[in-house]
1. Could you please find all residues in segment 164-195 being in a helix (DSSP H, G or I) and free of Cβ contacts under 8 Å to residues at least 24 places away in the same chain?
2. Of (1) crowded, with 18+ Cβ neighbours inside 10 Å; (2) on the phi > 0 side of the Ramachandran plot; (3) not hydroxyl-bearing (Ser, Thr, Tyr), MET145 satisfies all except one. Which?
3. Return the pairs, sorted by first residue and then second, in which the second residue is part of a strand (DSSP E or B) and hydroxyl-bearing (Ser, Thr, Tyr), the first residue lies in segment 238-255 and is under 14 Å from CYS216 (Cα atoms), the beta carbons are less than 9 Å apart, and the residues are 6+ apart or on different chains.
4. Residues ILE262, ILE271: which one is under 24 Å from VAL147 (Cβ atoms), surrounded by fewer than 23 Cβ atoms within 10 Å (Cβ to Cβ), touching a residue at least 24 places away in the same chain (Cβ under 8 Å) and β-branched (Val, Ile, Thr)?
5. Can you pull out the helices (runs of 4 or more DSSP H) entirely within segment 1-108 that have at least 3 residues that are at pLDDT 95 or above?
6. Out of curiosity, is LEU85 more than 29 Å from ASN192 (Cα to Cα), surrounded by fewer than 21 Cβ atoms within 10 Å (Cβ to Cβ) and among the hydrophobic types (A, V, I, L, M, F, W, C)?
7. Listed residues SER215, SER201; which is crowded, with 19+ Cβ neighbours inside 10 Å and in contact (Cβ under 8 Å) with a residue 40 or more places away in the chain?
8. Test of understanding: among GLY118, GLY195, GLY97, which residue is closer than 29 Å to GLU67 by Cα and not β-branched (Val, Ile, Thr)?
Amino acid sequence: MKRRTFLQNGVATTAALTTGAVGLNAKENDTSQMDVMPFTMKFAPHLGMFRHHAGEDPIDQLTFMSEQGFRAFEDNGMKGRDVELQKKMGDTMAKLGIQMGVFVAHQIYWTEPSLTSGKEDKREEFLNQIRESVEVAKRVNAKWMTVVPGYQDFRQNINFQMANVAESLKRACDILEPHGLVIVLEPLNFFNHPGLFLSESPQAYTLCKLVDSPSCKILFDIYHQQIQEGNLLPNIKRTWEEIGYFQIGDNPGRKEPTTGEINYHNIFKYIHERNFEGILGMEHGNSQEGKDGEAAVLRAYREVDVNA
């Protein structure tokens, strides 16, 4: 899809909304001259979030994100995409000045033990997938990749499980460190993902200390931790030195900020004041359907962005 098609599909109105202009007064043929200010924070949308404006093509979606002021992008499913598409998306992001965020580095075991078990075959499977992910990261200029240690092994004490996971992560970091790549460990809440080993930020912090590598950090998903443990700002503060990445979603509903109970104004203000230069992934759905819903997402992020 060409830029002209974007304009015909209503991007002029959406761009006007993000800059505070009145959409009805924005002329479509002037949109190419509109200066949409980049977001201060490195918010990272994902594919599909703006498909009603941008269309289904991933390259067009990246272009639209850039035009709306986003400076980052994440894609959990990047590893499963065709190699040529990975390269094309990487080249497009480099051209647009978009920084690649996380992709999922390995198969996640949602209902049976894997890394927690300590079994060598599961560990080798994981490490092979980490090696594969190094090549994906090179194609798309990524630094971070998500790791979820998987399901608990209820036949083992939780401390033995911790040791098993830490050993696998240490070996993964041996693979990643020479490339400057980082796994970010994502604790997931008990309500959406019952039975998983990693659920709390202090637990992830402990794992990072055990692994003791610059290639092992925390993915602090604000939505998950609001459900799991609350006390968001104190827990962010306590785990700060090990946080490498944030993800966003309001609660309840896992939609854009301002739709739930989380005070994202204060959270982003705190993160910004700590001089966080990393990415905040928009791992949530849209609260409304269609173009109106996409415009609502853009307005919400303009509202909660620092210095907005």
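1. ASP174, PRO178
2. (2)
3. What qualifies is TYR245/THR146.
4. That would be ILE271, the only listed residue that is under 24 Å from VAL147 (Cβ atoms), surrounded by fewer than 23 Cβ atoms within 10 Å (Cβ to Cβ), touching a residue at least 24 places away in the same chain (Cβ under 8 Å) and β-branched (Val, Ile, Thr).
5. On the way: elements: 3-8, 11-19, 51-54, 58-67, 83-96.
Of the helices (runs of 4 or more DSSP H) lying wholly inside segment 1-108, those with at least 3 residues that are at pLDDT 95 or above span 51-54, 58-67, 83-96.
6. It is true that LEU85 is more than 29 Å from ASN192 (Cα to Cα), surrounded by fewer than 21 Cβ atoms within 10 Å (Cβ to Cβ) and among the hydrophobic types (A, V, I, L, M, F, W, C).
7. SER215
8. GLY97
The values are calculated or read from the model by the stated rules, or taken from the named source; none is laboratory data. It should be emphasised that the depicted structure is a prediction, and the values quoted were computed from it without experimental measurement. When we count neighbours, we look across all protein chains shown, and the Cβ atoms used for this are built from the backbone with ideal geometry, even at glycine.
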